[in-house]
Amino acid sequence: MRSALLVCDRAALLKHLRGRFAINWHGDHGAPHWARVRNNGLMIAATTGANMAVVELFAFFHDSCRVNEYTDHDHGKRGADLALKLHGRMFEASGEEMKLLVEACTGHSNGHTEADITVQTCWDADRLDLGRVGIRPHPKYLCTAVAKDAGVLKGAYLRSVR
């Protein structure tokens, strides 16, 4: 398992992403959501053994290329493409880590639950934050046992609606 510390300058990466972000930085899919997804993901990864660097990168890239707050079917793929473009320039990751990041970003809003544990951890981290858009996460749509835990679900929901 890799450390939660990315091989990058987080502040520079976030500044770059903010500069190209097309919707409200503080909206439903903006920086506050990314922070909660990061926190959810790192908490889940501590139990699942997921790659924490991929989980953290997922938090930053999964919604980074949305063009609106509503229906935007290709936003995950665009986020993955941006990660591929910035890889080696703004952050370092192995080929396997990039493969997992691309899969997690591309598939995060498709409702799938079967994948590598790192990808599952990413998807759960995002889905646990659905309260921000008026949806209470349901264990049926989560991947990992830790995310399905009643206490984890309740805590994540309460954080997402604040």
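The values are calculated or read from the model by the stated rules, or taken from the named source; none is laboratory data. Please read all numbers here as calculations on a predicted model, not as lab measurements. Here the Cβ positions follow ideal geometry from the backbone for every residue, glycine too, while neighbour counts run over all protein chains shown.
Against the criterion of being among the polar types (S, T, N, Q), in contact with a helix residue (DSSP H, G or I) (Cβ under 7 Å, 6 or more places away or on another chain) and either loosely packed, with under 12 Cβ neighbours inside 10 Å or under 24 Å from residue 133 (Cβ atoms) (or both), residue 40 qualifies. In the set (1) charged (D, E, K, R); (2) outside any helix (DSSP H, G or I); (3) over 11 Å from the mean Cα position of the chain (by Cα), the condition left unmet by residue 85 is number (2). Among the residues making up region 112-144, those that are among the hydrophobic types (A, V, I, L, M, F, W, C) and touching a residue at least 12 places away in the same chain (Cβ under 8 Å) are 115, 117, 119, 122, 123, 125, 128, 130, 133, 142, 143. Does region 80-101 contain at least one residue that is under 15 Å from residue 119 (Cβ atoms), of a type outside the set (Gly, Ala, Ser), touching a Phe, Trp or Tyr at 6+ places or on another chain (Cβ under 8 Å) and crowded, with 19+ Cβ neighbours inside 10 Å? Yes, region 80-101 contains a residue that is under 15 Å from residue 119 (Cβ atoms), of a type outside the set (Gly, Ala, Ser), touching a Phe, Trp or Tyr at 6+ places or on another chain (Cβ under 8 Å) and crowded, with 19+ Cβ neighbours inside 10 Å. Scanning region 37-82 for residues that are of a type outside the set (A, V, I, L, M), outside any loop (DSSP other than H, G, I, E, B) and farther than 14 Å from residue 125 by Cα gives 75, 76, 77, 78, 79, 81.
Put simply, of 38, 78 the only residue that is at pLDDT 95 or above, in contact with a Cys (Cβ under 7 Å, 6 or more places away or on another chain) and among the charged types (D, E, K, R) is 78.
For residue 22, the conditions (1) farther than 18 Å from residue 129 by Cβ; (2) of a type outside the set (Ser, Thr, Tyr); (3) modelled with pLDDT under 95; (4) not in a helix (DSSP H, G or I) all hold with the exception of (3). Against the test of being crowded, with 22+ Cβ neighbours inside 10 Å and either over 14 Å from the mean Cα position of the chain (by Cα) or of a type in the set (Lys, Arg) (or both), the options 127, 136 yield a single qualifying residue, 127.
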